[in-house]
Structures are given as structure tokens and as C-alpha cells.
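Trainee: Structure in C-alpha cells, see below.
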Amino acid sequence: MTEYTHGEPHRSGRIEVVCGSMFSGKTEELIRRMRRAQFAKQKVEIFKPSIDVRYSEEDVVSHDQNHIPSTPIDSSASILLLSSDIDVVGIDEAQFLDMGVVDVCNELANRGVRVIIAGLDMDYKGVPFGPMPALCAIADEVTKVHAICVNCGSLAYVSHRKVHDERRVLLGETQEYEPLCRECYQKAIAREMKEKKDKR
């Protein structure tokens, strides 16, 4: 927060996006930034899609079991209704929200709110996921974090789904997903296609 010479406080709004594959530390980074804001005595509010109940129905929880209280929402419109008089807004798993979240984040930033968003940039097929590409486009800052490929140790590119399920949204952990680099992902897809073909 800065001040004009006549003493009135001025908040400069901004949008920060943290994106990457599963197990890359996106939520961990969101929690870290939100806690720093709390430390600075700023008013914070964190939101997450209500469908994400893997670890907790209400808290935002990282894979390392760090957690912070949040408000589950069904629609991005709820963020505007519930974030009046807030300095910093956090949004986890933004890929599951509707496209309206893009306008919501812009409106908040234009009001002087710092908005921190974490989400998967791609789905299990390597396709850009939900509103994440648009959020990256309007962001003041984008941080791409990486998991480590479980096969070769390179930087992971995508969250590979290990179970046969064609639904785009399938909540899961290490039993259902694994981070793979581009090369190992291509090999895994080729192997799965061959297995399907052999079964016919």
C-alpha cells in the first residue's frame, strides 16, 4: 500500500497466477503468499470450488498437508459478494470455476485488491484447463511451478491420469495421477493406445 502526498491511502490491485501440473506446489505457494499477507495485517479471504473436498470440505489443503481456512463456492459471482473490504483474495483450484472468474478477478484488481490464483494449467490430456489460460493472459504476474517426472526425474509437463476414466474432472491424488515430462507422457499415451488396440 502506498500513500498520496495528501495522505489518502492507495491500494494497487494486481493479479498473480500460480499454475502447473499436479504435485507441483501450486497450493503450497498460494498458502505461503496468503500467510505473508496475514502476517502484514492485511485482510484476506480465500475461496475454493465447493466440489474440491479431497482433504477438507472447507480448508484449502496442500499435498504436504499445510492448510488455511477458505470459503467453498459454487459460482465465481460469490467471490465479489463475499470479498468486500478485503485486501487480498486467494482462489485455489481455479480451473474448476466458471469463465466468469476472469471478469471477477479483473474487477477486484481494478478496485485495488491483490488477487492470487492457483490452478492446473492443463487437464490430463494436456489441453488448457477451464479459465486458466484467460487468467494467465490478464495476470500481472504468472508463476509456472513444476513437479518432477516420476519416471525420469525431469521437470514434469502434465498430470497423467493412471486410471481409465474419460471425465474431464476427476478428483484424485497419487493413486489416480502422476506427473510426467513431455517425453514420458508421450510414451505413456502410446503404450495405453497399444494396450487398447490389443484388447480389441
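Trainee: Once you have a ≥ b ≥ c as the square roots of the Cα gyration tensor eigenvalues for the range 65-157, tell me rounded if a/c is under 1.5, and otherwise prolate or oblate according to whether a/b is larger than b/c.
Mentor: Values: a/c = 2.02, a/b = 1.81, b/c = 1.12.
It is prolate, given that a/c is not under 1.5 and a/b is the larger ratio.
Trainee: Could you order 80, 155, 120 by accessible surface area, starting with the largest, using a probe radius of 1.4 Å? Before the final figure, lay out each step's value.
Mentor: Numbers: 80 45, 155 105, 120 20 Å².
Correct descending sequence by accessible area is 155, 80, 120.
Trainee: Also, quick follow-up: Please give the peptides 95-102, 68-75, 25-32 ranked by average Cβ packing (other Cβ atoms within 10 Å per residue), highest first, as a rough proxy for protection. Write down the numbers at each step before the final one.
Mentor: Numbers: 95-102: 19.8, 68-75: 16.1, 25-32: 21.5.
Output ranking for 95-102, 68-75, 25-32: 25-32, 95-102, 68-75.
Trainee: Treating cross-link reach as a plain straight distance, find the lysines whose alpha-carbon is under 20 Å from the alpha-carbon of residue 196, omitting any fewer than eight places away in the same chain.
Mentor: 125, 162, 187
Trainee: Please give me the summed charge of the neighbours of residue 20: other residues whose Cβ is under 10 Å from its Cβ, Lys and Arg +1, Asp and Glu -1. Mind dumping the intermediate values first?
Mentor: Values: positive: 26, 144; negative: 29, 121.
Charge balance in the 10 Å sphere: 0.
The values are calculated or read from the model by the stated rules, or taken from the named source; none is laboratory data. Predicted model, so just to flag it, every value in this text is computed and none were measured. When we count neighbours, we look across all protein chains shown, and the Cβ atoms used for this are built from the backbone with ideal geometry, even at glycine. Ligands, DNA and RNA are excluded from the accessible area calculation, which covers all protein heavy atoms including side chains. Shrake-Rupley method; radii C 1.70, N 1.55, O 1.52, S 1.80 Å.
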